Amino acid sequence: MQIASLFHPGRPVLSFEIFPPKGDLSLPRAQEVLQRLSPLSPDFVSVTCSAGGGGNSERTLDIAAEAQRSFGLTALAHQTCAGFTRDQVAQNIARLRASGVQNVLALRGDAANAGAPLAYVHASELILTLHDAGLCVGAACYPEGHIACDTLTGDLLHMKEKEDAGASFFISQLFFENDIFFRFLDSARAAGLRAPICAGVMPILSKSQISRMIFLCGASLPAAVVRLLNRYEADEASLRSAGIDMAAEQVLGLLSAGVDGVHLYTMNHPDIAERELAYLKGRGYVRA
């Protein structure tokens, strides 16, 4: 199934993300994670590849294929520009077709060697290749602007280039205040973007995790998050629990507002998705 066909007015799409960065998610471990995510009936599950690409692309495609073959899930495999030649991208396209995976998220990625030339310089170029190959292509977007882009206006222009190249839906980078996403959504629509935009939500599990993500993506920390980190600084278990609940409240607000979809970064912890859905159910939210 192509993910673009899942979006309908009045029914937000709900999806989960798992990742095998640096090869630390084996296929057996991925099967354990997928086995617990499958009963939650996500609309799709995305499988990342490492930021530098290349090294674990086979595992990414293997896990995506396994999600569909053994668990009946619609899979979204990530493909970066960084770390891949055009021949390698062509090989991955052939593998996706052979395994029945119809969906791919096209990303620029971070080159492991900053001076290394990229076969695809921009994600929009990769999107065009994937779209021309008949795949359903998603792309990334950034509610507070990409960390390497000077203005949100400029970032929206790049987003429009991705849509024009064939991206049929977007998944956002993490953010911690829903108003940030709502303002971004208004700006995107005003800029002429029409593809569905899923809100990416990442629960806070530890102070080190958030510090790392803030440095990598430049998301802002609202006062509520700072207070949470301060309150549970010496209690990691309580911080994790409170962080998951905070994310669940964020998801509830997004779904209740009628966003196109919510993409939950599970970080290979299926209990996150289980608790999020239990939280929503406990507060009366019923998925259409």
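Which of the residues belonging to segment 157-179 are out of contact with any strand residue (DSSP E or B) (no Cβ under 7 Å at 6 or more places or on another chain) and open to solvent by less than 20 Å² (accessible area, probe 1.4 Å)?
Step one: of segment 157-179, the residues out of contact with any strand residue (DSSP E or B) (no Cβ under 7 Å at 6 or more places or on another chain) are 157-158, 160-161, 163-165, 175-179.
A165, F175 - these are the residues of segment 157-179 that are out of contact with any strand residue (DSSP E or B) (no Cβ under 7 Å at 6 or more places or on another chain) and open to solvent by less than 20 Å² (accessible area, probe 1.4 Å).
If a residue must be outside any loop (DSSP other than H, G, I, E, B) and within 22 Å of H263 (Cα to Cα), how many such residues does segment 71-94 contain?
The initial filter retains those residues of segment 71-94 that are outside any loop (DSSP other than H, G, I, E, B), namely 71, 75-80, 86-94.
If we keep only those that are within 22 Å of H263 (Cα to Cα) too, we end up with 71, 75-80.
Residues in segment 71-94 being outside any loop (DSSP other than H, G, I, E, B) and within 22 Å of H263 (Cα to Cα): 7 in total.
Kindly provide the set of residues from segment 221-231 that are outside any helix (DSSP H, G or I) and open to solvent by 60 Å² or more (accessible area, probe 1.4 Å), ordered by number.
Initial filter on segment 221-231 (outside any helix (DSSP H, G or I)): 221-222.
Answer for segment 221-231, where residues must be outside any helix (DSSP H, G or I) and open to solvent by 60 Å² or more (accessible area, probe 1.4 Å): just L221.
Mind checking which residues of segment 197-210 are over 19 Å from the mean Cα position of the chain (by Cα) and open to solvent by less than 70 Å² (accessible area, probe 1.4 Å)?
S206 - this is the single residue of segment 197-210 that is over 19 Å from the mean Cα position of the chain (by Cα) and open to solvent by less than 70 Å² (accessible area, probe 1.4 Å).
Please give the number of the condition Y142 fails out of (1) closer than 30 Å to A223 by Cβ; (2) of a type outside the set (D, E); (3) more than 15 Å from the chain's Cα centre (by Cα).
(3)
Name the residue that is nearest to P9 (Cα to Cα), counting only residues in segment 272-288 that are in contact (Cβ under 8 Å) with a residue 24 or more places away in the chain and open to solvent by 70 Å² or more (accessible area, probe 1.4 Å).
Of the residues in segment 272-288, the ones in contact (Cβ under 8 Å) with a residue 24 or more places away in the chain are 272-277, 279-280, 283, 285, 287-288.
Restricting the remaining residues to those that are open to solvent by 70 Å² or more (accessible area, probe 1.4 Å) gives 275, 283, 287-288.
Details: R275: 26, R283: 22, R287: 13, A288: 11 Å.
Here the answer is A288.
Can you pull out the residues in segment 165-191 that are farther than 29 Å from L205 by Cβ and of a type outside the set (A, V, I, L, M, F, W, C)?
Of everything in segment 165-191, those that are farther than 29 Å from L205 by Cβ and of a type outside the set (A, V, I, L, M, F, W, C) turn out to be G166, S168, D186, S187, R189.
Listed residues R97, R59, R29; which is modelled with pLDDT of 90 or more and open to solvent by 20 Å² or more (accessible area, probe 1.4 Å)?
Exactly one of R97, R59, R29 is modelled with pLDDT of 90 or more and open to solvent by 20 Å² or more (accessible area, probe 1.4 Å), namely R97.
Which residue pairs have Cβ atoms closer than 9 Å, lie 6 or more positions apart in sequence or on different chains, and pair a first residue in segment 1-19 that is farther than 10 Å from P196 by Cβ with a second residue that is open to solvent by 40 Å² or more (accessible area, probe 1.4 Å) and at pLDDT below 95?
Listed pairs, sorted by first residue: G10/A288; R11/R287; R11/A288; L14/R287.
Please enumerate the residues belonging to segment 183-194 that are out of contact with any Pro (no Cβ under 9 Å at 6 or more places or on another chain) and open to solvent by 10 Å² or more (accessible area, probe 1.4 Å).
Answer for segment 183-194, where residues must be out of contact with any Pro (no Cβ under 9 Å at 6 or more places or on another chain) and open to solvent by 10 Å² or more (accessible area, probe 1.4 Å): D186, S187, R189, A190, A191, G192, R194.
This table checks each residue for (1) at pLDDT 90 or above; (2) of a type outside the set (G, A, S).
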{"residue": "K160", "(1), (2)": "yes, yes"}
{"residue": "E163", "(1), (2)": "yes, yes"}
{"residue": "F184", "(1), (2)": "yes, yes"}
{"residue": "S187", "(1), (2)": "yes, no"}
{"residue": "V201", "(1), (2)": "yes, yes"}
{"residue": "Q209", "(1), (2)": "no, yes"}
{"residue": "G218", "(1), (2)": "no, no"}
{"residue": "E236", "(1), (2)": "yes, yes"}
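Looking only at residues that are at pLDDT below 95 and among the hydroxyl-bearing types (S, T, Y) in segment 62-86, which one is least open to solvent (accessible area, probe 1.4 Å)?
Checked segment 62-86; the qualifying residue least open to solvent (accessible area, probe 1.4 Å) is T80.
Select from segment 126-156 the residues that are open to solvent by 60 Å² or more (accessible area, probe 1.4 Å) and either free of Cβ contacts under 8 Å to residues at least 12 places away in the same chain or not hydrophobic (A, V, I, L, M, F, W, C) (or both) and list them in ascending order.
Across segment 126-156, the qualifying residues are H131, D132, E144, H146, A148, D150, T151, T153.
The values are calculated or read from the model by the stated rules, or taken from the named source; none is laboratory data. As the structure is a prediction and not an experimental result, all values here were calculated from the model. Methodologically, a virtual Cβ is constructed for each residue, glycine included, from the backbone with ideal geometry; neighbour enumeration extends over all protein chains shown. Side chains included, ligands, DNA and RNA excluded: accessible areas come from the protein's heavy atoms. Shrake-Rupley method; radii C 1.70, N 1.55, O 1.52, S 1.80 Å.
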